[in-house]
Structures are given as C-alpha cells and as structure tokens.
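The values are calculated or read from the model by the stated rules, or taken from the named source; none is laboratory data. The shown structure was predicted, so the numbers you read here are calculated from the model rather than taken from an experiment. Glycine gets a Cβ as well: all are built from the backbone with ideal geometry, and neighbour counts include every protein chain shown.
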Amino acid sequence: SAVISQKPSRDICQRGTSLTIQCQVDSQVTMMFWYRQQPGQSLTLIATANQGSEATYESGFVIDKFPISRPNLTFSTLTVSNMSPEDSSIYLCSGTLADSYEQYFGPGTRLTVT
Amino acid sequence: KNQVEQSPQSLIILEGKNCTLQCNYTVSPFSNLRWYKQDTGRGPVSLTIMTFSENTKSNGRYTATLDADTKQSSLHITASQLSDSASYICVVSGGGADGLTFGKGTHLIIQP
C-alpha cells in the first residue's frame with residue numbers, strides 16, 4: 001500500500017498570488033496524478049506528473065497556470081498560479097503502484113481564493 | 001463519451017438501516033470498477049475493486065455487485081453506522097490518461 005501526504009492541508013490566498021502544494025508518498029509509485037474537486041462535484045484530472053520531464057495536462061489545464069514538478073518517484077508539487085476565486089477548490093494528489101489496480105489519494109488541499 | 005452516473009445524488013437513513021447505492025457506466029474499454037468512500041475533508045479511500053469477471057465483492061459491511069452486461073454496479077451497506085456518513089464515489093477504469101472515469105458520488109448521511 002501507499003500513504004500519501006499533502007502540504008498545506010488548507011490555505012486562504014489573495015487573488016493574483018500563487019500557491020505551491022506538495023505531495024509526498026511513502027512508497028515509490030509509478031504514476032502520480034493531480035486532481036481538482038470543486039464543491040459538490042467529483043474529481044477532475046488536471047495532469048499526470050511525469051518523473052524528470054514535463055507533466056501531461058488534460059484539456060482545459062495548461063502548464064502556465066498549473067506548473068507541476070516531479071523530481072523523483074515519491075514527491076511532486078503543483079503550483080496554482082495567478083489565482084482567482086474560480087480556483088477555489090480541493091486539490092488532490094494520487095499515485096499508483098506497479099502491478100496494482102489500486103490508486104491511493106492524498107487527503108487534499110483545500111484552497112480558498114479571496 | 002465515457003460516463004459514470006450515480007444515484008441517488010444524496011440519501012439520508014437512520015443508523016442501523018441498510019441502503020443500496022447505484023452506479024451505471026458507459027466506459028469502453030472496461031478494465032475494472034471501484035467504489036471509494038470520501039469522508040468530508042479527506043481524500044477518497046478504496047472500498048472495493050472488481051474486474052470484469054467478478055460479480056460481487058465484500059469489504060466488511062460493504063458489498064459491491066457488478067453486472068458487466070448491463071454495465072451496472074451497486075454498493076450495499078449493511079447495518080449502517082454514523083461513521084458511514086460520507087460521499088461514495090463509483091469509478092470505472094478503462095479510459096482517460098489516468099484510466100479512470102469518476103462518478104459525481106452519492107452523499108450519504110446516517111442519522112442517529
């Protein structure tokens with residue numbers, strides 16, 4: 001199994017600023033993903049974090065707005081840049097282990113932009 | 001388009017009662033179907049994972065069923081407890097970059 005932690009757990013930020021969210025896994029996961037979950041909605045995939053290379057973004061999400069790093073197999077960061085109130089959401093990190101269907105999720109980072 | 005539809009959207013039941021949550025999907029190709037429990041303010045936690053050949057799988061008081069022919073799944077909760085209050089998300093694997101299509105979830109409230 002894998003245990004995923006995220007920092008910060010929550011934050012309140014001003015419009016126009018940026019926030020970097022950290023994701024740490026206690027095991028070497030093959031795949032890491034970043035999701036957004038807006039109130040009352042399910043999870044939307046933002047991007048796949050690729051180790052040592054640029055992340056792969058889903059339609060509607062761009063690198064300038066959501067830069068992602070993944071320097072190794074257990075750590076990734078997501079930055080929410082030039083924030084607006086529409087970015088208020090929960091951001092979740094997840095990872096999968098090799099040869100397993102299981103996908104593990106972090107506790108999420110609750111972001112409020114004022 | 002791959003879709004996962006869940007019903008009901010929300011449900012309130014008394015502690016000790018049973019309930020069944022529904023999930024219909026149109027995901028192709030299909031690999032597996034998962035049910036997750038998401039407590040408020042927490043990330044989703046896996047309850048069950050079923051592949052094409054599995055019809056039912058249990059995890060304590062949670063029992064999931066899968067009918068791959070009709071593309072339907074259900075999650076049955078027996079003798080509900082206050083700690084069962086959460087959102088239950090049906091997720092089907094087979095499409096997308098992460099291979100997952102998420103339902104919007106059923107918000108379950110257990111009342112004493």
Problem set entry | Flag if A:Arg10 is under 12 Å from the mean Cα position of the chain (by Cα) and not hydrophobic (A, V, I, L, M, F, W, C) | no
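Listed here are the residues, each with its yes/no results for (1) more than 21 Å from B:Val91 (Cβ to Cβ); (2) out of contact with any Leu (no Cβ under 6 Å at 6 or more places or on another chain).
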residue	(1), (2)
A:Gln28	yes, no
A:Leu45	no, yes
A:Ala55	yes, yes
A:Phe75	yes, yes
Exercise. Among the residues of the range A:58-74, is there at least one that is acidic (Asp, Glu), over 30 Å from B:Thr106 (Cβ atoms) and at pLDDT below 95?
Worked result: no
Problem set entry | strands (runs of 3 or more DSSP E) wholly inside the range A:1-95 containing at least 2 residues that are among the β-branched types (Val, Ile, Thr) and surrounded by 15 or more Cβ atoms within 10 Å (Cβ to Cβ) | A:19-25, A:43-49, A:75-80
Exercise. Just one of the numbered conditions (1) within 14 Å of chain B (Cβ to nearest Cβ); (2) over 24 Å from A:Ser1 (Cβ atoms) is not true of A:Thr96; which one?
Worked result: (2)
Exercise. Inside the range B:26-52, can you point out the residues that are of a type in the set (Ser, Thr, Tyr) and under 29 Å from A:Val3 (Cα atoms)?
Worked result: B:Ser31, B:Tyr36, B:Thr40, B:Ser46, B:Thr48, B:Thr51
Seminar exercise, completed: Listed by range, strands (runs of 3 or more DSSP E) wholly within the range B:1-110 having at least 2 residues that are under 14 Å from the mean Cα position of the chain (by Cα) and more than 14 Å from chain A (Cβ to nearest Cβ) are B:19-26, B:56-59, B:62-67, B:72-77
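Yes or no, residue by residue, for (1) out of contact with any Cys (no Cβ under 6 Å at 6 or more places or on another chain); (2) within 13 Å of another protein chain (Cβ to nearest Cβ); (3) within 16 Å of A:Asn82 (Cβ to Cβ):
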{"residue": "A:Gln14", "(1), (2), (3)": "yes, no, yes"}
{"residue": "A:Gln28", "(1), (2), (3)": "yes, no, no"}
{"residue": "A:Glu54", "(1), (2), (3)": "yes, no, no"}
{"residue": "A:Glu58", "(1), (2), (3)": "yes, yes, no"}
